[in-house]
Amino acid sequence: MIKYKLICKNCDNFFDSWFSSSKEYDKLKKKNFLICHSCNSSKVEKSLMSPSVLKPKKNIVITNNKHKKVKKMIIEYQRFIKKNFDYVGKNFTYEARLLHYKNKKPIKGIYGSATKEELSELKEEGIEIEMMPWINDTTN
Ligand SMILES: [Zn+2]
């Protein structure tokens, strides 16, 4: 089941509707079976806003000053990781699996880069990983 937020182009009314699939939505839309709950118009369309976007937004405006602080924190965290973890670069997924399946307890943790897909694969395999923002620190 998919919940879509629908908008009526006639009266600007928003309402939620459940469909068994996105194809069902297309079918009903084509046949003009989608009717506005308040004005009975068939000018009903999928709203581009997903329900999650409609949640109250967090204030994500950061001033330059705060941004610098956050950046400093990340860089400090990176220093900690660089000191205590072994960098494996793009071999991250390979090395992570190696550690996981050989049950080798690493003295140091490892860090490196991986794609989103690779990360979700690792998670599915029960390999504990954590993502963090990374800044390419060119100042040192
Ligand atoms: Zn309407």
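The values are calculated or read from the model by the stated rules, or taken from the named source; none is laboratory data. All values reported here derive from a predicted model rather than from experimental measurement. Here the Cβ positions follow ideal geometry from the backbone for every residue, glycine too, while neighbour counts run over all protein chains shown.
Overview of values
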read-out	value
Condition met for VAL61 (modelled with pLDDT under 85 and either surrounded by 10 or more Cβ atoms within 10 Å (Cβ to Cβ) or not aromatic (Phe, Trp, Tyr) (or both))	yes
Residue in the range 119-127 that is at pLDDT 70 or above, of a type in the set (S, T, N, Q) and either surrounded by 11 or more Cβ atoms within 10 Å (Cβ to Cβ) or in a helix (DSSP H, G or I) (or both) present	yes
